[in-house]
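Working notes, beginning with the structure itself.
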Amino acid sequence: MDPVQLAISLMSITLLAFLAAKLFPVKEVLNLASVQAEYQRYNPEAVIDTIILGLDHKAALLKLTQPQDQLGIVTRLGDRLVCRTVGKDDIASFAVSGDTLTINSDDFTQPYVSIRLDPDEMQSAQRLITSFTEPEGATHANQSA
Amino acid sequence: MQINLLDLGNPTELAVALFVGLIILEILYGWKTGRVTYEGKDAFASMFMGFGSKIAGVISALLYGWLALWVWTNFRLFDFGTDLWVFALAFVLADFAYYWIHRLGHRVRWMWAAHVIHHSSQHYNLSTALRQTWTNFLTPNFLFFIPIYFLGIHPAIVIFCYGLNLIYQFWIHTEAIKKCPKWFEYIFNTPSHHRVHHANNPRYLDANYAGVFMAWDRMFGSFVPERDDDPCNYGLVNDLGTFNPLRIAFHEWIGIAKDIWGAKSWRDRLLYLIAPPGWTPDGSRMTSDMIKAAWRARNEAKKTTAQ
Ligand SMILES: [Zn+2]
Ligand SMILES: [Zn+2]
């Protein structure tokens with residue numbers, strides 16, 4: 001393959017993506033209504049109890065009544081949302097550092113999710129996760145809250 | 001009219017400039033009208049996947065090009081030559097082969113591991129057309145063209161026509177065109193038909209596999225028309241959480257490897273490879289058939305409640 005052609009292709013790709021980013025700035029897309037609607041669209045049988053929204057609107061945790069022992073996670077990816085339902089076997093560990101809760105999993109395209117929470121919601125989120133992860137099933141590394 | 005096979009280039013290389021021009025036009029059109037959406041990182045990931053796919057295509061050509069020539073040289077039933085009508089026949093046959101590669105690409109996890117890349121964006125615009133796999137050489141796709149070489153059409157003609165087929169499929173990745181004229185929608189693959197193919201609405205799963213001609217979908221029962229009351233949502237039933245091209249390129253292969261590693265029997269190992277995506281021995285994940293069945297059951301329940 002011609003290296004000049006490859007370089008031109010890479011430059012064109014970068015310029016086109018830059019143009020797209022400039023003309024379509026990413027707006028706020030994660031809020032209570034969008035999280036609920038999007039999560040239910042992908043999981044119509046699920047029954048949502050509570051939604052814990054991150055302070056920076058980049059992620060949300062969903063307490064579910066159905067399915068039991070599962071946690072809903074909705075994250076922002078660009079201008080779209082990504083929905084996950086995880087059980088105790090999916091969560092490798094979780095950690096709290098300052099106002100940020102990080103959930104690590106073996107999901108190859110989303111190995112961790114970070115969510116910023118105020119102190120009250122941090123406690124609710126931790127209670128929610130520990131309610132269905134066995135004590136030995138989660139590594140509470142770096143917990144400080 | 002005879003055509004010199006040595007004069008046949010790869011048409012996709014000539015088309016790159018056209019692709020760039022049309023993407024600029026679509027971005028500007030979307031910016032002006034709001035009828036098309038782009039997102040910078042998503043568009044970069046899609047186009048970078050296309051760039052990687054071109055490079056990885058060299059591996060496929062090296063691996064399977066010789067096989068194609070070997071079959072045509074030693075086992076062809078006829079020698080069709082290089083008349084224009086042979087190109088027309090090759091175009092139709094390559095489109096038929098594409099239909100089955102594509103259909104099985106959605107129904108066999110081994111083939112899906114490569115094809116899933118094309119469906120991994122939640123956007124639907126011309127950059128999505130370029131979001132292509134890097135791992136085609138790991139699939140059995142090349143086998144579907146063997147009968148055409150066996151029949152007696154030269155591999156260079158088939159590869160040329162297949163290239164034209166892929167170029168055709170570029171322009172249909174847009175929301176800018178709602179519907180084409182009725183006769184055109186009937187015969188050819190269009191933005192409307194292909195939007196359905198990229199949608200993850202239960203109604204639209206596993207539909208419209210056509211490359212150019214819709215006849216295959218109509219003949220083999222996989223045609224589903226786009227409906228105004230069920231607007232397309234794009235992406236996978238389990239969307240990717242990344243724009244990282246390496247994670248996009250290999251995620252399903254990693255998933256298969258993990259499942260096979262953890263499988264309890266050889267039967268399960270085989271089925272993790274050849275059963276539809278989402279299959280598990282205990283039914284803990286959902287295949288597209290299960291999603292569609294659940295959707296139908298919900299609709300039935302709603303109707304019963306309404307009566
Ligand atoms: Zn497809
Ligand atoms: Zn497509």
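What's the carbon and sulfur percent of chain A's accessible surface, probe 1.4 angstrom, rounded to a whole number?
54 percent
Based on DSSP H segments of at least four residues, each scored -39500 (n - 2.57), the protein assembly as shown has a per-residue ellipticity at 222 nm of -16000 deg cm²/dmol. Against the compact-protein benchmark of 2.2 N^0.38 Å, the Cα-based radius of gyration of chain A scales to 1.26. Per residue, the convex hull spanned by the Cα atoms of the range B:144-217 measures out at 106 cubic angstrom.
Summing +1 for each Lys or Arg and -1 for each Asp or Glu, what net charge is found among the other residues whose Cβ lies under 15 Å from the Cβ of A:Ser124? Working shown, then result.
Details: positive: A:Lys63, A:Arg116, A:Arg127; negative: A:Asp49, A:Asp99, A:Asp118, A:Asp120, A:Glu121.
Here the charged neighbours net out to -2.
For B:Lys178, the lysines whose Cα falls under 26 Å of its own Cα, not counting residues fewer than eight places away in the same chain, are A:Lys22, A:Lys27, B:Lys32, B:Lys41, B:Lys292.
Relative to its residue count, the protein assembly as shown spans a Cα convex hull of 180 Å³ per residue.
How much length is gained if the chain between B:Asn299 and B:Leu151 is pulled fully straight, taking 0.36 nm per residue apart and subtracting their Cα-Cα distance, in nm to one decimal?
Working: separation 148, 0.36 × 148 = 53.28 nm, distance 4.78 nm.
That works out to 48.5 nm of additional length.
Association of chains A and B removes close to 3200 square angstrom of accessible area from solvent, both sides included, for a probe radius of 1.4 Å.
Taking every full run of DSSP H in chain A, the ones that stretch at least 18 Å from end to end by Cα along their long axis and average -0.5 or higher on the Kyte-Doolittle scale are A:3-23.
I want the local charge near B:Trp110. Using Cβ-Cβ distances under 13 Å, sum +1 for each Lys or Arg and -1 for each Asp or Glu among the other residues.
Details: positive: B:Arg107, B:Arg109, B:Arg269; negative: B:Glu252, B:Asp259.
Residues close to B:Trp110 contribute a combined charge of +1.
Expressed as a whole percent, the accessible area of chain B that falls on carbon and sulfur atoms is 68 (1.4 Å probe).
The phi-based Karplus calculation (6.51 cos²θ - 1.76 cosθ + 1.60; θ = phi - 60°) puts the 3J(HN,Hα) values of the range B:168-173 at 4, 6, 5, 5, 7, 8 Hz, whole numbers, x for Gly and Pro. Summing charges over all other residues whose Cβ lies under 15 Å from the Cβ of B:Ser192, with Lys and Arg as +1 and Asp and Glu as -1, gives +1. Listed by chain and number, the aspartates and glutamates whose C-alpha is less than 15 Å from the C-alpha of B:Lys264, apart from same-chain residues fewer than 8 away, are B:Asp282.
Across peptide A:5-17, the average count of Cβ atoms from other chains found within 10 Å of a residue's Cβ is 5. Once you have the Cα-Cα distance between B:Ile24 and B:Asn244, take 0.36 nm times their residue separation minus that, and quote the gain in nm to one decimal. Full-extension gain reported as 76.9 nm.
Per-residue surface analysis assigns A:Met11 an accessible area of about 120 Å², computed on protein heavy atoms at 1.4 Å probe radius.
Across peptide B:235-243, the average count of Cβ atoms from other chains found within 10 Å of a residue's Cβ is 6. Note on A:Lys22: accessible area approximately 130 square angstrom, rounded to 10, probe 1.4 Å, nucleic acids and ligands left out.
Shape summary of chain B, radius of gyration then Dmax from alpha carbon positions: 20.3, 68 Å.
State the Kirkwood hydrodynamic radius of the range B:5-178 in Å, one decimal place, computed from all pairs of distinct Cα atoms. Averaging 1/r across every pair of different Cα atoms and inverting gives 17.3 Å.
The values are calculated or read from the model by the stated rules, or taken from the named source; none is laboratory data. Bear in mind that the values here come from a model prediction, so they are computed numbers and not experimental data. Using ideal geometry, Cβ is built from the backbone for each residue, glycine included, and neighbour counts are taken over all protein chains shown. Keep in mind that these areas ignore ligands, DNA and RNA; they rest on the heavy atoms of the full protein, side chains included. Shrake-Rupley method; radii C 1.70, N 1.55, O 1.52, S 1.80 Å.
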